[in-house]
Amino acid sequence: MSRIESLLRAMTLEEKLGQLNLVTAGQVATGPIVPGETTQDIRAGLVGGVFNLWGPDVVARTQRLAVEETRLGVPLIFGLDILHGYRTIFPVPLAETGAFDPLLWERTARASALEAACEGIHLSFAPMLDVSRDPRWGRIAEGPGEDPFVGSKFAQAKIRGFQGERLSDRGALAATAKHFCAGGAATAGRDYAAVDVSERMLHEVYLPPFRAAVEAGCAAIMSAFNNVNGVPMTSHDKLLNGYLRRKLDFDGVIMSDYTAVTELVEHGVAADLVEAAALALTAGVDMDMVSGAYLRCLPEALARGLVAEADIDAAVARVLRLKERLGLFDDPYRFATPPAEGVQEAHRQLALDAARRAITLLSNRGILPLAADVRRIAVIGPLADARADMLGPWSAAGAAENCVTILEGLKAALMAFEIIHCAGVSIEGDDESGIEQARALARDVDVVVLCLGESASMSGEAASRATPGLPGKQRQLAERIIATGAPTIALLSCGRPLTAPWLFEQAQAVLATWLLGDMAGRAIADVLTGRFNPCARLAVTWPRDVGQVPIFYASRSTGRPPDANNFYSSKYLDCPVEPQFPFGHGLSFARVTLTNLRINRLEFTLGDEVEARVDARNESEVATEETIFLFLHDVTARVARPLMELKAWAKVALEPGKSKTVAFTLTAESFSFPGDDMEPMFEPGAFDILVGLSADRKNLLTASLRMIST
Ligand code: BGC
């Protein structure tokens, strides 16, 4: 008999339910605190996992309660939200995605896993894989942006990084793909709100990153708070049991989100907690995070016949199996070994690299990189010296004192320069009285670096914004500074694209510097001075106006596509249709041209390899690293296809004046789309391949080919 079978036989019902109970220890709060006598509960065998607790000593002490003081000695699993770093804090995922570099994505997850595993953590509540096309939704900062293909690659890289080869390896963490699913489509961008998406959107946009995560072997999945088409994800039998378990064969642990089991009552699908617990368990949720509903109410649900003991056993077996895969039965304390010497410094270097690669140069009228004769710089704005805000919304065990502010970064990089500073206004306040002092500074310098944006808590969970522009009096500050005539570079520290068309018109350069983590200031200084040539691209379309939202490149055509000369066409009376910046946009200090797109066959059948090649030439004096995107358009199909779908991208390093040929290989899967039954189907006919430096349709090279039936 296996260990798991014999444990299941030995367990009382209460002990089984204990394994399904995931409690918070309250070292940090990530939701409403639910009171609980955690220590006594652990001793009584009523807890299966603990989160929000870290540090080798406290974790070992807590683990001892389970291993040495409970009847069966089953070890606890310790979890934590490690979204963009554990001790070393990396850029928020939306920014890191902009590096379009799966190896980087993997390396930052690996570094976080090494740091966290040393301090007793076994499982990360990450990666967050919610595709989102709505910058009002604060959680857009935590995920991979708007595109399912990018989200899928991001999922695979993060899971490789967290989990390594084997979960039992030292330094590996179990990954949790979350939030399953479609929370990024919350009505009007309001966190936790209902989601109404078609079956097609689910299969084309919101499910693919989770499928990729399952295929990459991810250990756990967290169901989302939101409902999808009326059914809360915590009780969504069709998507949890049906899609994850039966279709994808996912045999890992599914956990609820924080108190989400209890919330089934509030959602209006369960009459009481007993029904809520039964609905969640029978839909496929193994672990109940924080609500305690399984522990308290499943016995009654059994008595009412709402669940079977076999349902409980199956869930417990999956939790025990995860503990076994993590090696916890062999050594429950095995992770509590200190990091090797030098590791921390290597991770800081990695954080610098990631931060530099995440900075997106949005516009530049020749002011950057800073010219050699610049001597006096005014660093103005509320984000210039905002140490804690650089950390971003999920800082795990990170510490503000490890963050380099923008002001510090610039001072260190520009020692020979005179740098003067004032905030001018606060991030959100109404007080404009500091603007005059800021204007006085601006009048007397060669360049102003204007540090604008959001605080860390303005993105992430429960941080939706109806007007995702610059908060407080920052616009007043910026316009009055620019009006002095001082050449102005604006930096946007933010967890989402910020609508500010006026800023792009008025400032000489604008950079999205997002929330870059520990090395924010150094990375920004490296880019402004030209020591690092920016290479990030937008993983999300940047709107001009909130009224354009949801906005994304992979939209479908209409019978009346936008046409400036046709009144009765699809457009706005008061705003252009085009975004401020398209998906994939991002400048560098170089100038690269693409020419000569060619494909190896004009007709193909399934099974043929389709290869596209394009020549990239660096026309500038600066070495550069460019990202080249390949989109596909299925011209005519029984279900209209998006105008462009990303199918591949390549990164190419180009020395000044040099050219390279970049090759892309497309697989049969690239040409498929979900049929009526949502299974992949192939329809012969015409396809366009579009290649360019962003999703800007005006600047794409096009080649056409046909799929013919065999
Ligand atoms: C969030 C999850 C997180 C959990 C535990 C919830 O409020 O939605 O993303 O993993 O808290 O901290």
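Select from region 459-506 the residues that are aliphatic (A, V, I, L, M), outside any strand (DSSP E or B) and within 24 Å of Val549 (Cα to Cα) and write down the one among them that is nearest to the ligand (Cβ to nearest atom). Don't jump to the end; show me each part of the working.
Applying the first criterion (aliphatic (A, V, I, L, M)) to region 459-506 yields 462-463, 466, 470, 477-478, 481-483, 486, 489-492, 498, 500, 503.
Filter once more, so that each one left must be outside any strand (DSSP E or B): 462-463, 466, 470, 477-478, 481-483, 486, 498, 500, 503.
Going one step further and asking which of them are within 24 Å of Val549 (Cα to Cα), we end up with 462-463, 466, 470, 498, 500, 503.
Numbers: Ala462: 8, Ala463: 12, Ala466: 21, Leu470: 27, Leu498: 23, Ala500: 29, Leu503: 32 Å.
Among residues in region 459-506 that are aliphatic (A, V, I, L, M), outside any strand (DSSP E or B) and within 24 Å of Val549 (Cα to Cα), the one nearest to the ligand (Cβ to nearest atom) is Ala462.
Answer with yes or no whether Ala590 is among the aliphatic types (A, V, I, L, M) and surrounded by fewer than 12 Cβ atoms within 10 Å (Cβ to Cβ).
Numbers: among the aliphatic types (A, V, I, L, M): yes; surrounded by fewer than 12 Cβ atoms within 10 Å (Cβ to Cβ): no.
Answer is no for this residue.
Sort through Glu609, Glu603 and tell me the only one that's acidic (Asp, Glu), surrounded by fewer than 19 Cβ atoms within 10 Å (Cβ to Cβ) and touching a Ser or Thr at 6+ places or on another chain (Cβ under 9 Å). Talk me through it step by step, then tell me what you get.
Working: Glu603 fails: touching a Ser or Thr at 6+ places or on another chain (Cβ under 9 Å).
None of the other options fit; the residue is Glu609.
Scan region 293-310 for residues that are hydrophobic (A, V, I, L, M, F, W, C) and in contact (Cβ under 8 Å) with a residue 60 or more places away in the chain and report the count. Let's see the steps before the verdict.
Step one: of region 293-310, the residues hydrophobic (A, V, I, L, M, F, W, C) are 293, 295, 297-298, 301-303, 306-308, 310.
Among the residues that remain, those that are also in contact (Cβ under 8 Å) with a residue 60 or more places away in the chain are: 295, 298, 302.
The number of residues fulfilling the criteria is 3.
Of all residues in region 167-184, which are among the polar types (S, T, N, Q) and at pLDDT 95 or above? Reasoning before the result, please.
Keep residues of region 167-184 that are among the polar types (S, T, N, Q), which gives 168, 176.
Answer for region 167-184, where residues must be among the polar types (S, T, N, Q) and at pLDDT 95 or above: just Thr176.
Does Phe583 satisfy being in contact with a Gly (Cβ under 6 Å, 6 or more places away or on another chain) and surrounded by 16 or more Cβ atoms within 10 Å (Cβ to Cβ)?
It is false that Phe583 is in contact with a Gly (Cβ under 6 Å, 6 or more places away or on another chain) and surrounded by 16 or more Cβ atoms within 10 Å (Cβ to Cβ).
Among the numbered criteria (1) surrounded by fewer than 24 Cβ atoms within 10 Å (Cβ to Cβ); (2) within 16 Å of the ligand (Cβ to nearest atom); (3) small (Gly, Ala, Ser), which one does Ala109 miss?
Result: Ala109 fails condition (1) only.
Report, by residue number, each residue of region 80-96 that is closer than 15 Å to Ala520 by Cβ and of a type in the set (D, E, K, R).
Once the filter is applied, which keeps residues that are closer than 15 Å to Ala520 by Cβ and of a type in the set (D, E, K, R), region 80-96 yields only Glu96.
Could you list all residues from region 118-150 that are modelled with pLDDT of 95 or more and more than 16 Å from the ligand (Cβ to nearest atom)?
Selection gives Arg133, Asp134, Pro135, Arg136, Gly145, Glu146, Asp147, Pro148, Phe149, Val150.
Taking the condition away from the ligand (no atom under 16 Å from the Cβ) and touching a Pro at 6+ places or on another chain (Cβ under 8 Å), does Gln163 pass? Don't jump to the end; show me each part of the working.
Details: away from the ligand (no atom under 16 Å from the Cβ): yes; touching a Pro at 6+ places or on another chain (Cβ under 8 Å): no.
Taking the combined requirement at face value, the residue does not satisfy it.
Among (1) at pLDDT 95 or above; (2) surrounded by 19 or more Cβ atoms within 10 Å (Cβ to Cβ), which single condition is Gly73 missing?
(2)
Return the pairs, sorted by first residue and then second, in which the second residue is surrounded by fewer than 20 Cβ atoms within 10 Å (Cβ to Cβ) and of a type in the set (A, V, I, L, M), the first residue lies in region 163-184 and is closer than 14 Å to Pro144 by Cα, the beta carbons are less than 7 Å apart, and the residues are 6+ apart or on different chains.
Ala182/Val197
One line per residue, one yes/no per condition, for (1) crowded, with 24+ Cβ neighbours inside 10 Å; (2) without any contact (Cβ under 8 Å) to a residue 60 or more places away in the chain; (3) within 16 Å of the ligand (Cβ to nearest atom):
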| residue | (1), (2), (3) |
| --- | --- |
| Lys247 | no, yes, no |
| Ala280 | yes, yes, yes |
| Ser291 | yes, no, yes |
| Ile312 | yes, no, no |
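The values are calculated or read from the model by the stated rules, or taken from the named source; none is laboratory data. What you are looking at is a predicted structure, and each value in this text was computed from that prediction instead of being measured. Please note: Cβ atoms are built from the backbone with ideal geometry, for glycine as well, and neighbour counts cover all protein chains shown.
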